[in-house]
Amino acid sequence: MAIWHDDPDLKERFYSEYPDDLLVLVHEGSFRFTNTKPEAIWSRIIARMEWDFRGGETIYAYKAILLNQPQNLKTLKVGQEILLVAHKAYQYPIRVTYDYLAERHQYDITPCNQCGLPELFDPIPKLIEHTFPDMNKQMGNKEFAVPVFSSFCPVCRGVMIVSGKRADTPENPD
Ligand SMILES: [Zn+2]
């Protein structure tokens, strides 16, 4: 058995005859940046990936191969590798990108109030730049702590709440 079979967030998601295969919610970003819709696609996990980010946090995701050709997505093909994360309370593991993960740990996300989606589809700084250009200008300022803001869910357009953790994780004092 591989390490992912012990992950409680992945429990009971695998297909019985192919124990590394599971349905993943795959997307190419939110409606803000693409007009393609997310799809649930059978994927096969092949590795667990870990990265250490500044502040000592270790982030993990699983690398998987798409087993079916997407119906609508334009940039992904059968056989291609994706990354995914899973949350016990949400029906599907969710495709993520490295760019998304590299920023994700600096924020808390309150899942969508309608469908429960616990992850955004765009890297959060990209989302802020698009939605709140004034806030984005201030983010270069070291003293600036990203506030709490709401964001429309990329699946159902319900409301998700995003809050920056930066204020709670002081860096080396000057
Ligand atoms: Zn939603």
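The values are calculated or read from the model by the stated rules, or taken from the named source; none is laboratory data. The structure displayed is predicted, hence computed values, not measured ones. With ideal geometry, Cβ positions are generated from the backbone for all residues, glycine too; neighbour counts draw on all protein chains shown.
Residue-wise test of (1) touching a residue at least 60 places away in the same chain (Cβ under 8 Å); (2) farther than 19 Å from residue 11 by Cβ.
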site	(1), (2)
62	no, no
81	no, yes
86	yes, no
107	no, yes
121	yes, yes
136	no, yes
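The lone criterion from (1) crowded, with 19+ Cβ neighbours inside 10 Å; (2) more than 13 Å from the chain's Cα centre (by Cα) left unmet by residue 93 is number (2). Of all residues in segment 100-118, exactly one satisfies the criterion of being surrounded by 17 or more Cβ atoms within 10 Å (Cβ to Cβ), hydrophobic (A, V, I, L, M, F, W, C) and within 18 Å of residue 82 (Cα to Cα), namely 101.
For the subset of segment 84-129 comprising residues that are aliphatic (A, V, I, L, M) and touching a helix residue (DSSP H, G or I) at 6+ places or on another chain (Cβ under 7 Å), which member is nearest to residue 38 (Cα to Cα)? Taking the candidates together, the pick is 120. Can you spot a residue in segment 31-45 that is modelled with pLDDT of 95 or more and closer than 14 Å to residue 85 by Cβ? Yes, segment 31-45 contains at least one residue that is modelled with pLDDT of 95 or more and closer than 14 Å to residue 85 by Cβ. On the stretch given as segment 6-62, residues that are surrounded by 14 or more Cβ atoms within 10 Å (Cβ to Cβ) and polar (S, T, N, Q) total 4.
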